[in-house]
1. Where residues in segment 110-165 are β-branched (Val, Ile, Thr), within 23 Å of Gly85 (Cα to Cα) and assigned to a loop (DSSP other than H, G, I, E, B), which of them is farthest from the chain's Cα centre (by Cα)?
2. Any residue that is surrounded by 14 or more Cβ atoms within 10 Å (Cβ to Cβ) and free of Cβ contacts under 8 Å to residues at least 24 places away in the same chain - is there at least one of those in segment 166-187?
3. If we keep just the residues of segment 203-215 that are more than 15 Å from the chain's Cα centre (by Cα) and either at pLDDT below 95 or open to solvent by less than 20 Å² (accessible area, probe 1.4 Å) (or both), which is nearest to Ser15 (Cα to Cα)?
4. Among the candidates Asp82, Asp13, which residue alone is open to solvent by less than 40 Å² (accessible area, probe 1.4 Å), out of contact with any Lys or Arg (no Cβ under 7 Å at 6 or more places or on another chain) and among the acidic types (Asp, Glu)?
5. May I ask you to say which residue of Glu41, Glu24 is touching a residue at least 24 places away in the same chain (Cβ under 8 Å) and of a type in the set (D, E, K, R)?
6. Determine the pairs where a residue that is on the phi > 0 side of the Ramachandran plot, located within segment 205-225, has a partner that is in a loop (DSSP other than H, G, I, E, B) and open to solvent by 50 Å² or more (accessible area, probe 1.4 Å) with Cβ atoms under 6 Å apart, the partner being 6 or more residues away or on another chain.
7. Residues that are touching a Phe, Trp or Tyr at 6+ places or on another chain (Cβ under 6 Å) and at pLDDT 95 or above: which strands (runs of 3 or more DSSP E) entirely in segment 54-104 hold 1 or more of them?
8. Mind listing just one residue for me: the one in segment 94-129 that is hydroxyl-bearing (Ser, Thr, Tyr) and open to solvent by 20 Å² or more (accessible area, probe 1.4 Å) and, of those, farthest from Lys218 (Cα to Cα)?
Amino acid sequence: MMKDNIFKNYNMDFSQQVIVSESEESWVPSPSFGVNRIPLEREEAESGHTTSLVEYLPGTSFSEHSHPLGEEIFVLEGTFSDEFGDYPKGTYLRNPPHSKHSPFSRTGCKLFVKLNQFDEHDTERVVLDTNHQTWQQGHGKLEVMPLHRFKTEGIALVKWPKGEQFVKHTHYGGEEILVLQGEFIDEFGHYPKLTWIRNPHLSTHTPYAEKETIIFVKTGHILKG
């Protein structure tokens, strides 16, 4: 079994681009039996900044725990649950600083999870089922579904129709992407479903899509370097 200390300060140089694809990684058992993860970025402190793909096998649970600086979840597959409700595929969930819960999954699920990365004043709990939210017109033929905004940080889903290209642009405060459907492309590479990309502050690219693609995007939150 791979131990947590292997992940200490993993991908925590925010001046560097990081790309991790689920298809090229192995799931690692967590301390809770039946809950596995692929670490994307992880700070050494136990209560530190962490981003992971997380898998709950059917009928598994995680013990009650708190979120000193919040927890952000996007449900990728199945249904995630806790004592407050059930969250099907496509649910976006924000548990604010100092919240706690006892999560589980009856049928199994796969999640994108970010821990301890909230501004301490960002105290709104958010539960959005994106299957029932409205897409808005974005740049060109892009469609956008805003999920949350606080200060410089913005989170949204972006839908790219086949053949759409975005203008060359710079990321002030960085950009973080998880590909949910299709394949995201820029001049540096091709990124299939469940590829995670972290582009640093002031990075530049010209993205496009050759087939319909949906991405989860965070911007304006990476000012470390």
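1. Out of the qualifying residues, it is Thr134.
2. yes
3. Only one residue tops the list, namely His205.
4. Asp82
5. Sole residue among the options that is touching a residue at least 24 places away in the same chain (Cβ under 8 Å) and of a type in the set (D, E, K, R): Glu41.
6. These pairs meet every condition: Gly220/Thr152.
7. 71-82, 85-88, 91-95
8. Here the residue is Thr107.
The values are calculated or read from the model by the stated rules, or taken from the named source; none is laboratory data. Keep in mind that this is a model prediction, so the values were computed, not measured. Using ideal geometry, Cβ is built from the backbone for each residue, glycine included, and neighbour counts are taken over all protein chains shown. Please note that ligands, DNA and RNA were not included when accessible areas were found on the heavy atoms of the full protein model with its side chains. Shrake-Rupley method; radii C 1.70, N 1.55, O 1.52, S 1.80 Å.
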